[in-house]
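What follows is one structure encoded as structure tokens, with my remarks underneath.
The values are calculated or read from the model by the stated rules, or taken from the named source; none is laboratory data. This is a predicted model, so every value here is computed, not measured. In this analysis, Cβ positions are derived from the backbone assuming ideal geometry, glycine residues included, and neighbour counts consider all displayed protein chains.
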Amino acid sequence: MNQTVFAPWDDPNATPLIRFQNVTKRFGEFTAIDDLTLDIYAQEFFALLGPSGCGKTTMMRMLAGFETVTEGRIELAGQDIGPVPPNERAVNMMFQSYALFPHLSVWENIAFGLRRDRKTKGEITARVEEMLKLVRLEKFAQRKPHQISGGQRQRVALARSLAKAPKLLLLDEPLGALDKKLRQDTQFELMDIQETTGTTFVIVTHDQEEAMTVASRVAVMDEGRIMQVATPAAIYEYPNSVYVADFIGDVNIIEGRASPSGDEEYKLDWTEGQAPVLAKSQATFSEGQEAHLAIRPEKIRISTEKPDDAVNAMQGKVLDIAYLGNLSTYHVELPGGQVIKAQTANTRRIARRDITWEDPVWISWSATAGVMLDQ
Amino acid sequence: MKRMSWFNVTSLTLGFAFLYLPMLVLIFYSFNASKLVTVWAGFSTRWYGELLQNEAFLDAAWVTLKVAVISSSIATVLGTMAAYVLVRGGRFLGRTLFSGMIYAPLVMPEVITGLSLLLLFIGIGLDRGVLTIVLAHTTFSMCYVSVVVSSRLVSFDRSLEEAALDLGSTPFEAFRLVTLPIIAPAVISGWLLAFTLSLDDLVIASFTAGPAATTLPIKIFSAVRLGVSPEINALSTIMILIVTVGVVTASLVSKRNALRAQNEVQAAERAAA
């Protein structure tokens, strides 16, 4: 089978659907978006991820046309959309609160946008039926929004925003109001719908798991700036800064001074009286430069005996064990006082676990397990 | 059911007696056969018959109704517009001043409002009649409508309007198709408030009414100054009746709507389960 990987961002000839060019947005004295440049390609499922107040919602509202750009410009399909009012943009939005019209039935809600386009009755009926089928709500067409459940409301909101077949669909925390189980199911449903319709999705979320699950690329934001844009795997495995590493998932950060020790290999002196840590890195560090080594807990092995083959191994004491069912996270205190988290899959039953509190243990990892970061 | 204590029964009786005894006396004497108001001379509906013959009262009633309907309708449109701008217009220069000015007539003594309107009408040479009363009533009832509607708009989810815009409505369409239907109950109660205020206004109407048109409150007031007649009692009884029917109907309708909404929700929950 000849399957091409969907990665237009790696193709120099691809033209982006959306271009943010040096966009700045200020509310009075407060700078919400700071000189931001970003390209989003057609058919992407793009996630804007960040803590609340990082500017992700402002970016979305600028795309929808509810906020104006202070400086710079936003292009949609090659056209500057600054002067275009929201009702004339080929962009639709799914609101966090769903914003369903309470006085209209599910059917009327979905038909609302189509009616504004002066479509014929036949066209409207056909499209509404199609949308109801897409979100599996045919039986609820005549219900009012207050007569259906939260999950159904979420699907009505999605159907309504997709009905006009927009070039771009914006989703503002679309699953925030759903409980965890329903949220996971809905994430896959969203991905299916995105694939079936071929619409470009931009999703705003503060839930990193959600962003990792649904998105083709994730932009991690902080204080109006984009820290890193990459695929979920790249963001997780190769974060470009301590902020990103720390924001996505769990991470151990070891601070120290780097010294080159061979081909793309560095020694990190991190504490007195301990052997330096060995790590590979594509990025170059000069002798004595300050560096941070970020290692995911699941990349650290824990054992009762000293491993023979490990490049990096050190002894410590189990401080705490977090049992999560499928996984256990061990908090191991090193002689210097630093606590390192190590995670293992619980492939055996808990009764047969051979490591317990206060046990002396060995933790170890390979030279390629971590990422060296300069900031 | 818990039985009421003697204390509760007494409080209830006292309270209601205080509220309704005067009206009961009025209704009772409206069926008096005697011409003297306070001397009972047997049951009769004579005064109701005479009332219907009294052209002056009927004219005044017609004028009052016309004024109330027209002025409350205009006040509702203007008041809703003012409320919308003040709540939604964002921060423009002098916004606080404007909203203060909208509410000022609420606390302005009616005599002053009436007098200033009278001076204005004389100044621009407008003959006093139905038109001037309508204008005057619109002026003072508009701010009541504005207060009622803006309190609803404050709690209105702004994203509903944004969703309408997002789906391609013009700002006016968004207002007409989404905002207005949702705030309709507040707009209707604003209208009803303006209507009742106009119906029983005496002070402002007496400044702005002319010989060509008199409202019922003015008519009753001037008739009473010449002595209370059983006819007035009959007229008042009819007004009490109309108001009672109106209030009871309104509360029944809203109660039925609430019940129906509750049933719908229960039905939906049963269907979902």
Just checking, does the range A:122-129 include any residue being assigned by TED's automatic domain parsing to the domain that holds A:G28, crowded, with 17+ Cβ neighbours inside 10 Å, among the hydrophobic types (A, V, I, L, M, F, W, C) and touching a Gly at 6+ places or on another chain (Cβ under 9 Å)? no
Limited to the range B:107-118, what total is found for residues that are exposed (fewer than 10 other Cβ atoms within 10 Å of the Cβ) and in a helix (DSSP H, G or I)? 1
For the list (1) touching a Ser or Thr at 6+ places or on another chain (Cβ under 7 Å); (2) closer than 26 Å to A:H146 by Cβ, I need the number of the one condition that A:T70 fails. (2)
Does the range B:213-221 contain any residue that is over 19 Å from B:V69 (Cβ atoms), in contact (Cβ under 8 Å) with a residue 60 or more places away in the chain, of a type outside the set (S, T, Y) and touching a Phe, Trp or Tyr at 6+ places or on another chain (Cβ under 9 Å)? no
I'd like to verify a number: residues in the range A:203-255 that are assigned to a helix (DSSP H, G or I), small (G, A, S) and surrounded by 19 or more Cβ atoms within 10 Å (Cβ to Cβ), how many? 2
The lone exception for A:A157 - which of (1) farther than 13 Å from B:A163 by Cα; (2) touching a Phe, Trp or Tyr at 6+ places or on another chain (Cβ under 7 Å); (3) facing chain B (nearest Cβ under 9 Å); (4) not aromatic (F, W, Y) it fails: (1)
Yes or no: A:A291 within 11 Å of A:V371 (Cα to Cα), part of a strand (DSSP E or B) and among the aliphatic types (A, V, I, L, M)? yes
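Table: residues versus (1) in contact with a helix residue (DSSP H, G or I) (Cβ under 7 Å, 6 or more places away or on another chain); (2) not in a helix (DSSP H, G or I).
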residue: B:M4; (1), (2): no, yes
residue: B:F7; (1), (2): no, no
residue: B:G15; (1), (2): no, no
residue: B:L58; (1), (2): no, no
residue: B:R91; (1), (2): no, yes
residue: B:F98; (1), (2): yes, no
residue: B:P105; (1), (2): yes, no
Looking at the range A:49-105, which of the residues that are outside any loop (DSSP other than H, G, I, E, B) and facing another protein chain (nearest Cβ under 8 Å) is nearest to A:D207 (Cα to Cα)? A:M93
Among residues belonging to the range B:85-106 that are among the hydrophobic types (A, V, I, L, M, F, W, C) and surrounded by 11 or more Cβ atoms within 10 Å (Cβ to Cβ), point out the one that is nearest to B:L199 (Cα to Cα). B:L106
For the range B:95-143, how many residues are farther than 22 Å from B:V85 by Cα and small (G, A, S)? 6
Criterion first (of a type in the set (D, E), over 30 Å from B:P109 (Cβ atoms) and crowded, with 20+ Cβ neighbours inside 10 Å) does B:D157 satisfy it? no
Show the residue pairs meeting these rules: Cβ distance below 9 Å; 6+ apart or different chains; first residue within the range A:57-72 and under 18 Å from A:N87 (Cβ atoms); second residue basic (K, R) and part of a loop (DSSP other than H, G, I, E, B). A:L63/A:R89; A:A64/A:R89; A:G65/A:R89
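For the range A:108-149, how many residues meet the condition of being part of a helix (DSSP H, G or I), over 22 Å from A:L178 (Cα atoms) and either of a type in the set (V, I, T) or away from every other protein chain (no Cβ under 11 Å) (or both)? Break it down into steps so the answer makes sense when it comes.
First, pick out the residues of the range A:108-149 that are part of a helix (DSSP H, G or I): A:108-116, A:121-134, A:138-140, A:145-147.
After this cut, where a residue has to be over 22 Å from A:L178 (Cα atoms) as well, the list is A:108, A:111-116, A:121-130.
If we keep only those that are either of a type in the set (V, I, T) or away from every other protein chain (no Cβ under 11 Å) (or both) too, we end up with A:121-130.
Qualifying residue count for the region: 10.
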Would you confirm, using the coordinates I've provided, whether B:R152 is of a type in the set (D, E, K, R), without any contact (Cβ under 8 Å) to a residue 12 or more places away in the chain and either more than 14 Å from chain A (Cβ to nearest Cβ) or within 20 Å of B:L78 (Cα to Cα) (or both)? no
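Being modelled with pLDDT under 85 and either loosely packed, with under 10 Cβ neighbours inside 10 Å or of a type outside the set (S, T, Y) (or both) is the filter here; which residues of the range B:7-39 pass it?
Matches in the range B:7-39: B:K35, B:L36, B:V37, B:T38, B:V39.
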Taking B:F57, is it over 23 Å from the mean Cα position of the chain (by Cα) and in contact (Cβ under 8 Å) with a residue 12 or more places away in the chain? no
